[in-house]
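Beneath this line is the structure, given in structure tokens, with notes to follow.
Every number here is computed from the coordinates shown, using simple stated rules; none is lab data. Keep in mind that what you see is a predicted model, and the values were worked out from it rather than measured. In this analysis, Cβ positions are derived from the backbone assuming ideal geometry, glycine residues included, and neighbour counts consider all displayed protein chains.
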Amino acid sequence: MMSAPELLSSALMAARRIVVFPSSVELGPVLAHLVTSRAEKAITSRGRFTLGLSGGSLVSMLGKELLALPELDCSKWVVGFCDERLVPFDDPESTYGLYKSKLFSKVNIPDSGILTIDSTLSVSECAEDYTHKLKEAFPDDDFPVFDLLLLGMGPDGHTCSLFPDHPLLEETKKIVAPISDSPKPPPQRVTMTFPVVNSARCVAFVSTGGSKAPILKEVLEGREGPAFPAARVVPTNGELFWLVDDPAAASLTIQVERPGSGAKL
Ligand SMILES: O=C(O)[C@H](O)[C@@H](O)[C@H](O)[C@H](O)COP(=O)(O)O
């Protein structure tokens, strides 16, 4: 018989869907469909779609795949950033700057629907200012409940700007936290905290490439010692997807889904 913690852990695993594609070519359109299907559902239920974005390879993938859709309507989207680097928007390291050139400038998201950081502030003021913007956008929630958060994972198991062994992993009160010692440059950033990430209605990780295989195995199949930040993403009431390609999934021994072409999540 399973113990209570084992039962809980197996229930959590059951809610998690690991979906493996041969490559980004097949993964991309499924990701785009996940975004638009959750958008449609959210707009029908609540009149708007709230989406949290991350940097890394997601920027180009989303730019390409969303712009390939024939009738993309983003007029009711509210977009925030799961984390952001404290650099000016025209700096090549700015996540907002990259999304602006690859996506925002080409779709009809209203400027008022894009929740950006103020990069002129100090890192702690920037976190407070971004907290204020999120509270205004989600006045009814203790922690903002995004319809969909798109996350990446670094080779060290970080997600958002929540890095292994960092005190921010234990944050339970703040919505947004400053970080000034990020192990990955640039060092100054702001990040959503776990209470926000785990409040989302749906969270989808996108992780591709063979360099992710060892960490993906540890994150998804467990390891001795403290869980990696990416493994601590377990939405309380929401869906959790891991969309990965074959090279990233190469070391996995747990059960995964391998959908055929035209799959919808
Ligand atoms: O702020 C950052 O330094 C990056 O955005 C980073 O957190 C990225 O999201 C992951 O490293 C995943 O990167 P890939 O999507 O390229 O795998």
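Rg/Rh for the chain to two decimals, with Rh computed the Kirkwood way over all alpha-carbon pairs. The partial results should precede the final answer.
Values: Rg = 17.7 Å, Rh = 18.8 Å.
Rg/Rh: 0.94.
Checked against a 21 Å cut-off, the cross-linked pairs K76/K106; K106/K133; K106/K135; K64/K217 give Cα-Cα distances beyond that limit for K106/K133; K106/K135; K64/K217.
Please give the calculated 222 nm ellipticity per residue for the chain, where each DSSP H segment of at least 4 residues contributes -39500 (n - 2.57) and the sum is spread over every residue; nearest 500 deg cm²/dmol?
On the way: 8 runs with 85 residues, N = 265.
When only DSSP H runs of four or more count, the value is -9500 deg cm²/dmol.
Using a/c under 1.5 as the rounded threshold, could you call the range 128-265 rounded, prolate or oblate? The axes a ≥ b ≥ c are square roots of the C-alpha gyration tensor eigenvalues, and prolate needs a/b larger than b/c, oblate otherwise. In terms of gyration-tensor shape, oblate.
Among G55, G97, G47, the largest mean-square fluctuation in a Gaussian network model of the chain (Cα springs under 10 Å) belongs to G47. Each Cα pair under 8 Å and six or more residues apart adds its sequence gap; the mean of these over the residue count of the chain is a relative contact order of 25 percent. Taking amide H atoms as placed 1.01 Å from N in the peptide plane, the amide H of F21 lies under 5 Å from those of V244, D245, D246, each 5 or more residues away in sequence or on another chain. Which chymotrypsin sites (Phe, Trp or Tyr not before Pro) from the range 52-155 combine a DSSP loop assignment with at most 15 other Cβ atoms within 10 Å? Passing sites in the range 52-155 are F89.
Each Cα pair under 8 Å and six or more residues apart adds its separation to the average, and for the range 26-119 the resulting relative contact order is 29 percent. Taking amide H as placed 1.01 Å from N in the peptide plane, T50 has its amide H under 5 Å from the amide H of V78, D147, L148, each at least 5 places away in sequence or on another chain. In plain terms, if you count all Cα to Cα distances in the range 135-188 and split them into 10 Å steps from zero, the share in each step is 19, 47, 30, 4 percent. Taken over the range 81-148, the convex hull of the Cα atoms encloses 100 Å³ per residue.
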